[in-house]
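The block underneath contains the structure these notes are about, expressed in structure tokens.
The values are calculated or read from the model by the stated rules, or taken from the named source; none is laboratory data. This one's a predicted model, so the numbers in the text were calculated from it and none came from an experiment. Here Cβ is always computed from backbone atoms with ideal geometry, including for glycine, and neighbour counts include all displayed protein chains. Protein only, heavy atoms only, side chains kept; ligands, DNA and RNA dropped before computing areas. Shrake-Rupley method; radii C 1.70, N 1.55, O 1.52, S 1.80 Å.
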Amino acid sequence: MGSDVFNFPAQLLNVLRSASRVTVLTGAGISAESGVPTFRDAQTGLWAKYKPEDLATPEAFQRNPRLVWDWYAWRREQLGGVAPNAGHLALAEMEQRLPGFTLVTQNVDGLHQRAGNRRVVELHGNITRTKCFDERCLVESWEETGEVPPHCPSCGGNLRPDVVWFGEALPPEAFAQALSASRACELFLSIGTSSLVYPAAALPHEALEHRAVVVEINPNTTPLSLQASYCFRGPSGQILPALLKEAWSDSPSL
Ligand code: APR
């Protein structure tokens with residue numbers, strides 16, 4: 001699809017080129033074109049009968065730690081076979097072009113880092129890390145006894161993925177960084193998120209209150225759509241490279 005199809009307004013291109021601070025918030029939609037199902041998509045195969053909202057909670061883990069551990073093991077395995085897509089790569093290029101660029105993600109898949117982004121604020125943790133359920137400390141290695149989930153080498157408690165579950169607090173330092181980057185930016189891009197899950201969904205509103213231009217990139221409307229300065233409807237893997245090309249058409253790609 002040609003970039004002209006998206007018809008990017010000149011004001012937006014100017015802000016993108018000249019802003020001293022640009023903040024981006026991504027959600028599961030940016031990874032959809034890599035083949036990672038979004039959170040609110042129906043699950044497939046063995047997991048089709050479960051809703052993620054019923055597995056991604058501390059209560060679900062306490063009720064059936066094996067089931068929840070196995071679900072994350074399956075998701076981790078799926079991630080091994082996928083690669084960053086054109087949308088991730090465009091954001092890695094933006095980080096290089098824009099000194100005041102902050103990438104905040106709700107995704108736990110690590111695809112932004114694999115695409116080349118160096119500074120990623122992870123609001124919901126990372127599926128590749130493991131921590132102790134009781135002590136909450138990160139754990140890098142443990143004895144494989146065949147038990148599922150494995151046990152913490154220091155206290156013997158159950159190990160769990162280092163992700164933020166429904167009902168849990170966000171890592172305070174990551175949220176503080178995201179909040180200040182949202183309040184300080186001139187341009188805020190909300191990409192591939194349903195804008196339903198707080199407190200992440202509050203970030204574009206913070207940006208709007210501080211007079212930033214707020215852009216939504218999503219094939220579907222969300223609760224943010226009516227308030228966003230601009231909405232581009234389509235897959236981020238097409239829209240982001242087109243936006244970059246349009247903004248910097250006269251300079252070579254990095
Ligand atoms: N490009 C851009 N956006 C897309 C694409 C695409 N190719 N495909 C789908 N989308 C959009 C959908 O329209 C939807 O609005 O991505 C969004 C995905 O929404 P969710 O599945 O709700 O994911 P997200 O917003 O990241 O969820 C937030 O909720 O379940 C928790 O912790 C979990 O981090 C997650 C959080």
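The figures follow:
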{"quantity": "Test: residue in region 15-28 that is within 14 Å of the ligand (Cβ to nearest atom), in the same structural domain as Asn117 (by TED's automatic domain parsing) and either part of a helix (DSSP H, G or I) or open to solvent by 30 Å² or more (accessible area, probe 1.4 Å) (or both)", "calculated": "yes"}
{"quantity": "Filter pass, Pro52 being within 16 Å of the ligand (Cβ to nearest atom) and open to solvent by 50 Å² or more (accessible area, probe 1.4 Å)", "calculated": "no"}
{"quantity": "Test for Arg97: is it in contact with a strand residue (DSSP E or B) (Cβ under 9 Å, 6 or more places away or on another chain) and not aromatic (Phe, Trp, Tyr)", "calculated": "no"}
{"quantity": "Restricting region 94-111 to residues that are more than 15 Å from the chain's Cα centre (by Cα) and in a loop (DSSP other than H, G, I, E, B), the residue that is farthest from the ligand (Cβ to nearest atom)", "calculated": "Pro99"}
{"quantity": "Condition broken by Ala207, with the remaining ones in (1) assigned to a loop (DSSP other than H, G, I, E, B); (2) buried (at least 23 other Cβ atoms within 10 Å of the Cβ) satisfied", "calculated": "(1)"}
{"quantity": "Test: Val82 is open to solvent by less than 40 Å² (accessible area, probe 1.4 Å) and within 21 Å of Ser182 (Cβ to Cβ)", "calculated": "no"}
{"quantity": "Residue satisfying condition, being outside the structural domain of Gln106 (by TED's automatic domain parsing) and either crowded, with 19+ Cβ neighbours inside 10 Å or more than 16 Å from the ligand (Cβ to nearest atom) (or both), within set Trp71, Trp47", "calculated": "Trp71"}
{"quantity": "Residue match in region 216-223 (condition: over 16 Å from Ala28 (Cβ atoms), within 9 Å of the ligand (Cβ to nearest atom) and out of contact with any Asp or Glu (no Cβ under 9 Å at 6 or more places or on another chain))", "calculated": "yes"}
{"quantity": "Residue in region 114-130 that is farthest from Val22 (Cα to Cα), counting only those that are touching a strand residue (DSSP E or B) at 6+ places or on another chain (Cβ under 6 Å) and more than 12 Å from the ligand (Cβ to nearest atom)", "calculated": "Thr130"}
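To keep it simple, each residue is scored yes or no on (1) more than 22 Å from Asn14 (Cα to Cα); (2) of a type in the set (Ser, Thr, Tyr); (3) open to solvent by 10 Å² or more (accessible area, probe 1.4 Å); (4) assigned by TED's automatic domain parsing to the domain that holds Asn14.
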residue	(1), (2), (3), (4)
Val148	yes, no, yes, no
Gly156	yes, no, yes, no
Leu159	yes, no, no, no
Phe175	yes, no, yes, yes
Val213	no, no, yes, yes
Gln227	no, no, yes, yes
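Yes/no per residue for (1) part of a loop (DSSP other than H, G, I, E, B); (2) under 15 Å from the mean Cα position of the chain (by Cα); (3) without any contact (Cβ under 8 Å) to a residue 12 or more places away in the chain:
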| site | (1), (2), (3) |
| --- | --- |
| Arg129 | no, no, no |
| Asp134 | yes, no, no |
| Glu140 | yes, no, yes |
| Val148 | yes, no, no |
| Leu170 | yes, yes, no |
| Phe188 | no, yes, no |
| Leu203 | no, yes, no |
| Leu224 | yes, no, no |
